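Everything on this sheet refers to the single structure shown next.
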Amino acid sequence: MSLLVLLPVLIPLCVAALSMVAWRSLVLQRVLGTLGSVALLVSAVALLLHVDREGILALQMGSWPAPFGITFVADRMGAIMTVLAGATGVATFLYSPASVDERRQRLFYYPLLSVLLAGVCGAFLTGDIFNLYVWFEVLLMSSFVLLALGGERPQLEGAIKYVTLNLISSVLFLIAVGILYGAVGTLNMADLALKVAQAEDKGVITAVSVLFMAAFGIKSAAFPLFFWLPSSYHTPPFAVSAIFAGLLTKVGVYALIRVFTTIFTQDTAYTHTILLIGAGLTMVTGVLGAAAQFEFRRVLSFHIVSQIGYMIMGLALYTPLALAGAVFYIMHHIIVKANLFFIAGLAHRIRGTSSLKRAGAVSVYRVSPLTCIIFLVAAMSLAGLPPLSGFFAKLILVRAGLEAESYTIVGVAIVVGLLTLFSMTKIWAEAFWKSPGEAPGESTGGEPAGREHAERTEEPECDSALAGPPTAMMYAVCGGLAVVTVLVGVFAGPVFGLAERTAAELLNNGAYIRAVLGENP
Amino acid sequence: MNSIILRTATRFTLPLLLLFAIVVLLQGHNKPGGGFIGGLIAAAAFSLHALAFDPAETRRVIRIDLRTLIGAGLVTALVSGFIPMVQGKTFMTGVWTKVPVAMGEPLKVGTPLLFDLGVFMVVVGITLLMVLTLLEPEEKTD
Amino acid sequence: MELLFAIIAGVLFAAGLYLMLRRSILKLVMGLVLIGHSANITIFTAGGLTRARSAIIAPDATTLPAGSADPLPQALILTAIVISFGVLAFAIVLVSRAWQEVGNDDTDQFAETDR
Amino acid sequence: MTVLAFLMGVFVLAALAPWITRPLGRAAGWVFALLPAAFAVMLGTLAPQVAAGTPVRETLEWVPQLGLSLTLSVDGLGLLFGMLITGVGALVLVYAQGYLEGHEHLGRMFSYLLMFMGAMLGVVLTDNLLAMFVFWELTSISSYLLIGFDHNRLKARKAALQALLITGGGGLALLVGVLMLGSLAGTYNVSEMLAGKEGVLASDLYVPIAALFALGAFTKSAQFPFHFWLPGAMEAPTPVSAYLHSSTMVKAGIYLLARLSPVLGGTELWETMLTVAGATTMVLGAVLAIRQTYLKKLLAYSTVSSLGIIVMGLGIGTPYAVEAAIVYLFAHALFKGALFMVAGAIDHGTGERDVERLGGLARAMPALAVVGVLAALSMAGLPPLMGFIGKELLLKGTLKAPEWSGVLTGLTVFTALLTVTIALLTGIKPFIGKTLPTPHEPHAPGPALLLGPGLLALLCVATALVPSVLAMPLVGPASAATLGAPSTPDLSLWHGWTLALGLSALAVAGGCGVYALRGAVRRGVEVFGWIDRVGPASAYEIGLKGLNALASGQTRVLQNGYLRSYLFITISTAAGMVGVTLWLRGGLNLPERWEPALWYEYAIGALIAVAAVVAAVARARLTAIAALGLAGYGVSVMFVVFGAPDLAMTQISIETLTVILFVLVLLRLPDFRSISSRTQKIRDLFIAVTAGAMMTVLVLVASGATSSRAMSTWFGENSLEGGHGRNVVNVILVDFRAIDTLGEITVLAIAAIGVFALLRPSRMLRKGRA
């Protein structure tokens, strides 16, 4: 049974190794990868069901006792994240043939995706802080290559910023791990939780925790460390940016949640206040950034930043309800955000452009009602409108904020929600409603003042997209994810119940410690 | 670098260096060394060969495609983790047996060594893939 | 000797950051190398410094004698070195490809898709 | 579960509508209307039970942990609104069939209308405030889609956005209010809140709660200063205006105020807020309406005015005033719905929208003329029509208002006067007098276009003639629910010679006078034109522009495209955070004394440092790369000295490989140039040195902290026995922590693929170009 913890990592890793051996056959790689992602999803669901029913599952690698070997642990948080990774993975594998040209596919596209999934799942399931660094590097490295694959100029420009800033993050992370080891002498997270609580010199620990915060802040694209994200996410093929948008920043958020609930709870008054301030600023700068954009995926990219703020807000408030809200928000956001990027690809295929200023070749509103419905579901969910998943996510967080009497952050969350709605309607009005005949004149939301918009009527187009009408599979993937969004809304009760149990588990790390270190650590 | 001396020297040093690499790989468990360093030495030997002759010749000498080598290395490392699972143990648990050797004490062989071999293969593969790709003349050699 | 190591780590870090903050992409990559060293030195020092007692069990012993170097930070650094080498190799090639595409080594020219 | 089933049925029909409209052909609207009609009948059968004071309740749990459940409760207020929504809705569906016959997107129109209808019904029928909010936001979204129905026109898109932002923004305020009230009262069910009313009123949170609810209601019901979106929303096709902007959506805010009056009302704050906002809106709406000549704009502004009247009535809060507000709401829904549809039929039949260019249409469209005149007379408040009863009650309410009754009565009479003018302009003038030429030959509306307004106009008469049968069962329980006390509004047409009757007559006479002098009056009220120029509407525009300017300004500063600036901010943030934390949280516990280093260690250290600095400042590439290599080799020597032979070997081989890669790849790049300015360099140097110093301090602090050596001891003891190896570092790598190494070689493999993938296509491409 305990092997379940390992499967979500081993499956994609084996698939990747096998597809690398089978580098000659593209079809084989695709089939292997897709089946692998399905298997990953199935194993992750099994893991979640098991963990939810039976409690935290821990596996000591190589049978070496914790904290000396490496432990893999699945609590509800990790299991939920794994399920989401599996779902995003399946969607991406299915969508990829319609989005990634054969030249890119031949350059190990499918093994790279599998490794990315392995890295992500490894990060979610490891119980060792240095091992977390290793999985981070695995997923980063594969994301570097996926981002640059194809080697077009926008991709390379974006990749340089993405790589540089993420490497800074990795170095900070590494340094933090080293110093933490020097200070408390262990790497196992459960053991760290014990040792940190016992440590005499809390000052150093807090300083290190802040270093972790900076490192993970970069990875999760929080203010003011988010620059790499809007620079790069709109450049690769749509399938790639979708899996990035869905999963990668959330790994950073996961790490923040993991570290600041399981390990560093020695000075929450200080650390979580920083988090709260960061959350508010992240929300605001992200949404303002989105308001200034006129390209489909760039709007979405800035929104990722903004919504990371909501998740961090949940962590920062540090109440059961707030954490449940953060968990719910993550679940909702991964599905919806990945879907919006998939839909961006769909709309690009139909319109022939991703610019919001230029009218497309045809009016999506006229020719493809299905695309319209799917987009509306995803976009309205993102904007937090009921009865979709995003509404509940926002509702829980706002309520948690009110109960914690943090009225400022509630106000920010509410206003940012409205602005999110604003930019979603901008995409809708410009990319869906606007007719081909219309001049690229004034936009619905008013024209931003500024020099570059006068100078640059032509937005740089990313030509990493395939042309031609959308395939049935694209509709299936986008529609499927939209259905999930609706279902999360309809079954918000059970989903929220799961989030509540997850939050309770996170706030009480005793069970985690016992599962890893045994009954009497 | 079309030097005859280098070519001749390389012909001799290549096997020697490879042998050395394997020694480093095998003794790594007890003395400084291991799959990673061994792999780098082997890769260096082949790189030297590539410099002396040309990358295409080196690829021919290696025979196996580097991409396959990398994949195979990963598979080997993973397999070493799966072997204990056959015996019902956890993934990556070390499994050891003693292999009698004609002279001297019996050699202890275990899955960690297999794992190290995987590391060795990957390191050789990736280093050569990088170096050869960079050295190769500007034409498609797929 | 901790002081010496701490200063080395600091100098490497500062030099690396300074290089990264320059506009040349080549310096960017060189900076990455230096801050990588700095991180390794940091782990090495934080794990505890021990002179010349490597973490190898002597042929006549079965355990590591007290006072030997802590093997764990070494293993961590080894992993980190190798990983950063992989990343670095990729970064070097990425930078050279970007230079070919953009035709300039000034990172300020890499801003086209960013506004 | 009948009500719930009907409600869900409306949504299901909305989902089906786009697909079945075309097959149904010209009958589509009529078929779709059957559902709301049946709904209305079903609600009608509940009337006796509701009148008896026992609301019909149905509950479906949704998210019980959050207190969210679909609790439907049909009480007096819900019944009145439900009847209006379903009744008018059915008529609008038929009307839309006639109005948009053959339109490409007729199916979507039906779908949006039905979705809106379902949402609106949800708002008025649910007892749970969270569920109500869910439906509330749904009405905003569906109205966004409806207003932007003519999606090709920029104006329509802008109007849709405006309505969405204002009502959506108000909705978010409402959400906060709902959550606050819910946690204060301990329940989200309004019917259960009454018990905790005292606690709510006494709480500190009462003022923000009341304000937030008012904000939500005022934005939705177009109260000043949020009124401007409503005239803007006239970009929508007429069926939409008739439905949303006269009889239903704009009344959602009023519904909310009425619904919560028993809980939140009765305080001075509540009454003042509502009375002031209502009175202001009432007068301003009427005055601004007079400036208009377009039929729908006239009606829109007069709707704003009427909404103000109702809010004012609720604000006054006396039984008289509240009853008046409810009755007026009922009357308004009938005559304004009819008038909008008449206006649409005129537009449809003639292509003309300007009242001053319309006249004498009674000859071409006699039936419509009868309808229009009846509705207009009701609006003007003439007997024997429902509008008259409403107005009489209202004047009575203001006359008996506890405070400011004189002012309120005066303003009401003034508004009534202008309303008469508007009624004359919109419902009567187009049909009488000289026939004016229109863009196309007038043709009479077909049955689909006539049914809706005809029936509503008929109801204007019938409800007034037999109020006890048609009006009383609806408005009585509704005002009782609002008041929280039994109520029987006096719906008779004749009360004797009262002051109210006199004022009414005055208003009618004055209204006719203004109508006669409308040219001059219009020029006169141009004085108020500034309200449109610098008022809330332009504030909205300025706000939107400001938002965009702020957004692009912020983005230009932050996301400026310069990697060095990103790095600078990132590094300063990280260094600043750590530094401040060390300072604030007392982490600066440095060891008391350091073990000195040996001379050769100093020498190696100096070598590394100098090499690093040289690498950083070198002018030539080769120097820099050589220095870089030197620093790396120095580090490996350090590793040797401090007992890490494996590390040293790895470091040396990696360093060599790195230098080779640098030489192979990077020497193709141009040589260094000095491109940064002096200030930049100094700034960068400063932050780099600061961060470096931070590192030094951190390392010192960490090495000073006493940590257990349990890990290394355990490894030392178990390496040979458990791991069968004497090189502990290697045993850790391939056994104890083999997973790390597995990840590491994966990274390497991916890196190699990356190198390969990046270099291959470039070669192919370059070949292609050559």
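The values are calculated or read from the model by the stated rules, or taken from the named source; none is laboratory data. Bear in mind the structure is a predicted one, so any value in this text is a computation, not a measurement. Methodologically, a virtual Cβ is constructed for each residue, glycine included, from the backbone with ideal geometry; neighbour enumeration extends over all protein chains shown. The protein model used for the area step is the full one, side chains on, heavy atoms only, and it has no ligands, DNA or RNA in it. Shrake-Rupley method; radii C 1.70, N 1.55, O 1.52, S 1.80 Å.
For the stretch D:300-403, the relative contact order comes to 38 percent (Cα pairs under 8 Å, sequence separation of at least 6). Simple point charges give the picture: +1 on the Cβ of Lys and Arg, -1 on the Cβ of Asp and Glu, and for the stretch D:563-726 a dipole about the Cα centre of about 860 debye. Peptides D:594-605, D:425-436 ranked from most to least packed give D:425-436, D:594-605, packing being the mean of other C-beta atoms within 10 angstrom over each peptide's residues. Using the Karplus relation 6.51 cos²θ - 1.76 cosθ + 1.60 with θ = phi - 60°, the per-residue 3J(HN,Hα) values for the stretch D:92-103 come to 5, 4, 5, 4, 4, 4, x, 6, 10, 3, x, 5 Hz, with x marking Gly and Pro.
Taking each DSSP H run with n ≥ 4 as -39500 (n - 2.57) and averaging over every residue of chain D yields -24500 deg cm²/dmol at 222 nm.
Semi-axes of the equivalent ellipsoid for the stretch C:17-77, computed as √(5λ) from the eigenvalues of its C-alpha gyration tensor and ordered from largest down, come to 36, 10, 7 Å. Rounded to the nearest 20, the Cβ-based charge dipole of the protein assembly as shown about its Cα centre (Lys and Arg +1, Asp and Glu -1) stands at 2880 debye. Less than 5 angstrom separates the built amide H of D:Leu68 from those of D:Val63, all sequence-distant by 5 or more or on a different chain.
Computed 3J(HN,Hα) for the stretch A:247-258, one whole-Hz value per residue from the Karplus formula 6.51 cos²θ - 1.76 cosθ + 1.60 where θ = phi - 60°, is 9, 5, 5, 5, 5, x, 5, 4, 4, 4, 4, 4, glycine and proline marked x. Averaged over peptide D:152-159, the number of partner chain Cβ atoms lying within 10 Å of each residue's Cβ comes to 5.
Among the residues of A:124-137, the average count of other protein chain beta-carbon atoms within 10 Å of the residue beta-carbon is 4. The listed residues C:Phe44, D:Phe226, once ranked by accessible area (1.4 Å probe) with the largest placed first, stand as D:Phe226, C:Phe44.
Under 15 Å from the Cβ of D:Val407, count the other residues' Cβ atoms, weight Lys and Arg +1, Asp and Glu -1, and hand me the total.
With Lys, Arg at +1 and Asp, Glu at -1, the net is -1.
Derived from the Cα gyration tensor, the three semi-axes of the equivalent ellipsoid of chain A are 36, 26, 21 Å, largest first. Around the amide H of D:Thr59, modelled in the peptide plane, lie the amide H atoms of D:Leu72, all under 5 Å away and 5 or more residues distant in sequence or on another chain. Considering only D:Met386, A:Gly309, A:Thr261, and ranking their Cα positions along the charge dipole of the protein assembly as shown that arises from unit charges at the beta-carbon of Lys, Arg, Asp and Glu, the one farthest toward the positive end is D:Met386. A 1.4 Å probe over all protein chains sorts D:Glu744, C:Glu112 by accessible area into C:Glu112, D:Glu744, starting with the largest. Near D:Phe639, once Lys and Arg are set to +1 and Asp and Glu to -1 for all other residues with Cβ below 14 Å from its Cβ, the sum equals -2.
Go from 0 up to the bin containing the longest alpha carbon distance in the stretch D:291-516, width 10 Å each, and give me the % of pairs per bin. For the stretch D:291-516, the binned pair fractions read 9, 34, 34, 17, 5, 0 percent. Electrostatic tally near D:Gly524: other residues with Cβ closer than 14 Å to its Cβ, Lys and Arg +1, Asp and Glu -1, net +3. What the Cβ-Cβ distance of A:Thr268 and D:Ser203 gives, at R0 = 30 Å and to the nearest 0.05, is a FRET efficiency of 0.55.
Counting only protein heavy atoms and a probe of 1.4 Å, the accessible surface of the stretch A:202-277 is 71% carbon and sulfur.
All distinct Cα pairs of the stretch D:563-726 go into the 1/r average, and the inverse of that average, the Kirkwood radius, is 19.4 Å.
The convex hull built on the alpha-carbon positions of the protein assembly as shown has an orientation-averaged projected area of 58.1 nm². Rounded to the nearest 0.05, the FRET efficiency derived from the C-beta distance between B:Phe20 and D:Ala606 at R0 = 35 Å is 0.55.
In chain D, the longest principal axis of the Cα atoms and the axis of helix D:28-51 are about 80 degrees apart. Taken residue by residue and averaged, Cβ atoms of other chains lying within 10 Å of the Cβ of C:55-68 number 6. In order along the stretch A:216-232, phi translates into HN-Hα couplings of 6, x, 5, 5, 8, 6, 8, 5, x, 10, 9, 4, 5, 6, x, 6, 10 Hz, rounded to whole numbers, per the Karplus curve 6.51 cos²θ - 1.76 cosθ + 1.60 with θ = phi - 60° and x for Gly and Pro. Could you work out how far apart the two model spin labels at D:Lys400 and D:Thr272 are, taking each label as a point 7 Å from the Cα in the direction of the beta carbon, and quote it in nm? Output for this residue pair reads 2.6 nm. Approximating the spin labels as points 7 Å out from Cα along Cα→Cβ, the D:Ser468-to-D:Ile682 distance works out to 9.5 nm. Residues A:Val204, D:Val521, D:Val580 ordered from highest to lowest accessible area at a 1.4 Å probe: D:Val580, D:Val521, A:Val204.
Counting only heavy atoms of protein chains, what accessible area per residue, in Å², does the stretch D:605-748 have with a probe of 1.4 Å? Walk me through the intermediate numbers first.
Details: 4830 Å² over 144 residues.
Roughly 34 Å² per residue, with all protein chains present.
Highest mobility in the GNM of chain C, judged by mean-square fluctuation with C-alpha springs under 10 Å and restricted to C:Arg97, C:Arg51, C:Arg23, is found for C:Arg51. Pick out which of B:Ala45, B:Ala77, B:Ala102 has the largest mean-square fluctuation in a Gaussian network model of chain B, springs linking Cα atoms closer than 10 Å. Evaluated over chain B, the most mobile residue of the options is B:Ala102. Computed from Cα atoms, the angle from the helix A:492-507 axis to the main principal axis of chain A rounds to 40 degrees. In this label model, D:Val12 and D:Leu60 are separated by 1.0 nm, measuring between points 7 Å along each Cα→Cβ vector.
Tell me: how much accessible area in total is hidden between C and D, 1.4 Å probe, Å², nearest 100? Numbers along the way, then the final one.
On the way: alone 8250 and 36350 Å², together 35960 Å².
For C against D, buried area totals roughly 8600 Å².
Angle of helix D:106-125 to the longest C-alpha principal axis of chain D, folded into 0 to 90 degrees and rounded to 10: 90°. Rank D:Tyr320, D:Ala500, D:Val342 by how far each Cα sits towards the positive end of the charge dipole of the stretch D:291-516 (+1 on Lys, Arg Cβ; -1 on Asp, Glu Cβ) and give me just the farthest. After comparing all options, I get D:Val342. Under a model in which nothing but the beta-carbon of Lys, Arg (+1) and Asp, Glu (-1) is charged, the stretch C:17-115 shows a dipole of about 260 debye around its Cα centre.
Quick check for you: which residues of the stretch C:69-83 have the amide N under 20 Å from the point 7 Å beyond the Cα of D:Thr713 toward its beta carbon? Residues C:69-74 qualify, since their backbone N sits under 20 Å from the label point.
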